[in-house]
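Remarks on the structure that follows.
Since every read-out is calculated from the coordinates, none of them should be taken as a lab result. Note that the structure is a prediction, hence the values are computed from the model and not measured. No Cβ is skipped: glycine too gets one built from the backbone with ideal geometry, and neighbour counts run over all protein chains shown.
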2 protein chains.
Amino acid sequence: MKNTYAIGIDIGGTNTVFGLVDHYGMIEYRGAISTKKFPVIEEYINELYNAIMPAIEQVGGIEHIRGIGIGAPNGNYYTGTIEYAPNLPWKDIVPIALLMSAKFQVPAALTNDANAAAVGEMMYGAAKGMKDFIMITLGTGVGSGIVANGQLIYGHDGNAGELGHTIIIPNGRLHAGTGARGSLETYCSATAVRQTAIEMLEQNVEEDSLLRNYSKEEIDSKLVYTCAVEGDKIANEVYRYTGEILGMALANFVMFSSPEAIILFGGLCKAGKMLLDPTKEHMEANLLPIFRNKVRLLFSELKEADAAILGASALVWELK
Amino acid sequence: MKNTYAIGIDIGGTNTVFGLVDHYGMIEYRGAISTKKFPVIEEYINELYNAIMPAIEQVGGIEHIRGIGIGAPNGNYYTGTIEYAPNLPWKDIVPIALLMSAKFQVPAALTNDANAAAVGEMMYGAAKGMKDFIMITLGTGVGSGIVANGQLIYGHDGNAGELGHTIIIPNGRLHAGTGARGSLETYCSATAVRQTAIEMLEQNVEEDSLLRNYSKEEIDSKLVYTCAVEGDKIANEVYRYTGEILGMALANFVMFSSPEAIILFGGLCKAGKMLLDPTKEHMEANLLPIFRNKVRLLFSELKEADAAILGASALVWELK
């Protein structure tokens, strides 16, 4: 059918963004609603429906919509349900694909938000044409999407690719959400950068730092970045340390699936070379020689919101 | 063609074993030659040819042979070459598939020995019917074969699945072969069990142990097993500790590819529950809740040599 679109939706803890996407990956209409304002799932879906319908009318009505693709934290591709997502307002298991399909009267498919970003990157971004790569999202948390043999790895239950929760430092930092110690997320997320900065300030009381001009509450990954750019020693050391742990973790991932590239995505990537250089150095140092100097470490080529919208929309074209 | 066979060959550091395998996975003829006695690859291939030809004649000649499948450490599926295998007598890169094909005048395919074992297990063993599982070989070293979406994961360069070299304890034990510190292989191989036993004996000089009746040189994983079965406290602690580290590593692997099962294979599996129980306990303890009590931890159902012969032979039926 001419002028057919997919609706791509990216559900985040704070906001939900959506777009109408054509077969070429062009996003025709964009929009957003609050996620956290709607703790009742039916009200959330009504709000989303009201926000998207005007865009659907613009393209000629629902008969021009092939389906809905959704990316969400803890989204399970096989069951179409969001399962126990700690950062979303809905608890337990939410049959979101079913609810959306019933509301819009078109097919709907769901996947994990990092998986959606990986698909977006594979179809329209830095991983175009690649059959083996890993996408790592470095935001409030650390997510991942793994592609091998040209396919997303879902695992037997749809939950594969939780690399942010792999243990990198045994008995290391406590993860408040999971209770685990030493997971990647506790060292390499935006939240972790804040914690590393606070720890380093406390451990080096003699050392002057621009960060000491701010209260503990004010310190976040953006502030650490700003101070690092201004040459602050502790702030630079925070990113170097973050890269050291990330590099060690990436080496393990490489020895698992031997990807052509690892694509980094999310807020922390704004640190650029300051994060990339130590990450690459420590990844290479921890690799078995047969893997060295082969894996490309890249930043995403897509705008942050777009990758997930595009990836989610790509699910639609695969719908039977 | 009726009565068609595949030759399955498993190249180990000490010996090479082979078998003629039919379409049903029945091994008709078995044989073995020394690997390490032939540092010149051409002489090794001549010896193998002379050992296999009588079996080929038994089934009616080379026209009944569909091809040769080879499993070898550091065997690369894409290139058909063995690359820098530390435990084999041939250095650098050996184009083994090409050499075998030229000698026998039938097609030949190569894969990593642990990948071959995984394919054998998937077609004829404990992983029959599974689409997502991980095979871990616990022998002199630690190898692995990973299956996801019903396919072996080879990675972009054919080297995927080197889980024995992933870093589990940062700055941990030195690996004499690779120079890396804290890799799984330095804690959970047969070699590692010996080292753990020696360390524990030295750290607990007050503690009585059956192992003290032997010289350091005599201690190996079999002796530790024998002493553990007889109730020796330190020997039991060695296996408990090995399981603790293995369990932690397996948890990370599960959060990568979410397999239906992990299949353990190789000499160390003789320890049975003594290894399995602590491994399972620590795997579960390190998993994110969504993965808990889902992954089956199994021992291989195939005889050690057979798994690799069968897996290697299976490569042949896929040859174009």
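For this structure, a couple of remarks:
- Around the Cα centre of chain A, unit charges on the Cβ atoms of Lys, Arg, Asp and Glu (plus for the first two, minus for the last two) sum to a dipole of about 520 debye.
- ³J(HN,Hα) computed for each position of the stretch A:281-291 - Karplus, 6.51 cos²θ - 1.76 cosθ + 1.60, integer Hz, glycine/proline x: 4, 7, 5, 4, 5, 9, 8, 4, x, 4, 9
- Projecting the Cα atoms of B:S189, B:L152, B:G243 onto the charge dipole of the stretch B:129-301, computed from C-beta unit charges around the Cα centre, puts B:L152 farthest toward the positive end.
- Value of Rg/Rh across the stretch A:129-300 [Cα atoms, Kirkwood radius]: 0.99
- For the residue pairs A:K131/A:K303; A:K131/A:K280; B:K128/B:K233; A:K303/B:K294; A:K233/A:K303; A:K37/A:K103, alpha carbon separations beyond 26 Å are given by B:K128/B:K233; A:K303/B:K294; A:K233/A:K303.
- Shape category assigned to the stretch B:207-320 from the gyration tensor of Cα positions, a/c cut at 1.5: oblate
- Only DSSP H runs of four or more residues enter the estimate; each adds -39500 (n - 2.57), and after division by the residues of chain B the mean residue ellipticity at 222 nm equals -12000 deg cm²/dmol.
- Between the Cα long axis of helix B:113-124 and the first principal axis of chain B there is an angle of about 80°, rounded to the nearest 10.
- Here the stretch A:36-142 carries DSSP beta bridges of which approximately 50% are antiparallel, counting only pairs with both residues inside.
- Dipole magnitude for the stretch B:53-119: about 40 debye, using +1 per Lys or Arg Cβ and -1 per Asp or Glu Cβ, origin at the Cα centre.
- Extension gain for the segment B:N204 to B:K131, taken as residue separation times 0.36 nm less the Cα-Cα distance, is 21.7 nm to one decimal.
- Within the stretch A:129-300: Cβ-based charge dipole about Cα centre, in debye rounded to nearest 20 (Lys, Arg +1; Asp, Glu -1): 480 debye
- By the count of neighbouring beta-carbon atoms within 10 Å, fewest first, A:L99, A:L268, B:L211 end up ordered A:L99, B:L211, A:L268.
- Placing unit charges on the Cβ atoms of the charged side chains and taking the dipole of the stretch A:129-300 about its Cα centre, the candidate lying farthest along the positive direction among A:A271, A:L287, A:Q203 is A:L287.
- Size descriptor, Kirkwood hydrodynamic radius, that averages inverse alpha-carbon separations across the protein assembly as shown, Å: 26.4 Å
- Between B:D277 and A:K91, the distance separating the two model label sites (each 7 Å from Cα on the Cα→Cβ line) works out to 3.7 nm.
- Fewest-first sequence of A:F18, B:F265, A:F291 by Cβ atoms within 10 Å of each Cβ: A:F291, A:F18, B:F265
- Principal-axis tilt of helix B:233-257 within chain B, Cα atoms, nearest 10 degrees: 60 degrees
- On Cα atoms only, tilt of B:304-317 relative to the major axis of chain B in degrees: 40 degrees
- Net charge of neighbours whose Cβ lies under 14 Å from the Cβ of A:N76, counting Lys and Arg as +1 and Asp and Glu as -1: -4
- Gain upon complete extension [B:L174, B:E230; 0.36 nm per residue less C-alpha separation]: 17.1 nm
- Between amide H atoms placed 1.01 Å from N, distances below 5 Å from B:L302 occur with B:A126, all of them 5 or more places distant or on a separate chain.
- Computed over chain B, Cα set: Rg, Dmax in Å: 20.2, 69
- Share antiparallel - DSSP beta bridges, the protein assembly as shown, percent rounded to 5: 55 percent
- Listed values for the stretch B:264-277 are Karplus-derived 3J(HN,Hα) couplings in whole Hz (6.51 cos²θ - 1.76 cosθ + 1.60, θ = phi - 60°), namely 9, 8, x, x, 5, 5, 4, 5, x, 4, 4, 9, 5, 4, and x replaces Gly and Pro.
- Distance between modelled label sites at A:R30 and B:K103, nm, 7 Å Cα→Cβ extension: 6.2 nm
- Alpha-carbon centroids, the stretch B:78-109 and the stretch A:292-320: separation in whole Å: 37 Å
- Dividing the C-alpha radius of gyration of the stretch B:17-156 by 2.2 N^0.38 Å, with N its residue count, gives 1.07.
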